[in-house]
Each structure stands twice: as structure tokens, then as C-alpha cells.
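Asks: One structure coming up, written as C-alpha cells, with questions to follow.
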Amino acid sequence: MNAGFVDKNKRNAFVSAQSGSFLQSNEWAEFQESIGRKVLFLGSENNSQQWSALAIKQPLPVMQSCLYVPRGPVFTDNMTDTFKEFLPSVQAT
């Protein structure tokens, strides 16, 4: 699932520009997929409030799962308002 940055290079550039972690990179997502995990790209390219999150679906016992966002999400500014936008995106998955 992808919500937010459509272009992978743009997303990586954004994460890098915000001093984001490698664990939020497209390369990390590709590795996670190669070992059978589902990854979700969430975010917003809105100029005033950009944010991005690579979420990895982690299996739990008894047919449950959780989303893990390693060293993220990555925000620009006005973190409080942006985080309010982020929560409904995660709750919807």
C-alpha cells in the first residue's frame, strides 16, 4: 500500500533531507519484502506539512499483527498537526 509519496526517489530524498534513518528508506522496504514482510508507505507530500513513514507489518501469535515504524515517521515542521493527520492513516490499515 502506498499513501503519500508516489515517487520512490522523491521519498528517499525527503527522508535523507530530514536526517531520517536508513530504516525508513526504500532499500530497507525492499529488504523487508524480500524476507516476506508486507510494507506500507504512508505520508503526505503537502508542501506545508510533509511527512513519511515506512510501516512494516509484523506477525504476532494467534493470527494477530502489528505495524512497526522503525525510526519514524519522518516529519518536516509543525509536528503536532502532522501527527494528528498520521494517526487516522495508520488506524485505517
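The values are calculated or read from the model by the stated rules, or taken from the named source; none is laboratory data. If you're wondering where the values come from, they're calculated on a predicted model, not measured in any experiment. Cβ: placed from backbone, ideal geometry, glycine included. Neighbour counts: every protein chain shown. Just so you know, the surface numbers come from the protein's heavy atoms only, side chains and all, with ligands and any DNA or RNA stripped out. Shrake-Rupley method; radii C 1.70, N 1.55, O 1.52, S 1.80 Å.
Asks: Accessible area of PHE14, 1.4 Å probe, to the nearest 10 Å²?
Replies: Around 10 Å² of this residue is reachable by solvent.
Asks: Any chance you could look up the accessible area of ILE35 with a 1.4 Å probe, heavy atoms only, rounded to 10 Å²?
Replies: About 90 Å², rounded to the nearest 10.
Asks: What FRET efficiency would be calculated for the residue pair ILE35, ASP7, taking the C-beta separation as r and a Förster radius of 25 Å, to the nearest 0.05?
Replies: Approximately 0.50, to the nearest 0.05.
Asks: Here's something else I'd like to know. If you rank VAL6, VAL69, VAL15 by how much accessible surface each has, with a 1.4 Å probe, what is the order from largest down?
Replies: Ranked from most to least accessible, the order is VAL6, VAL69, VAL15.
Asks: Another question about this same structure. With a point put 7 Å past each Cα toward its Cβ, work out how far SER16 is from ASN46 in nm, to one decimal.
Replies: Between SER16 and ASN46, the label points sit 2.7 nm apart.
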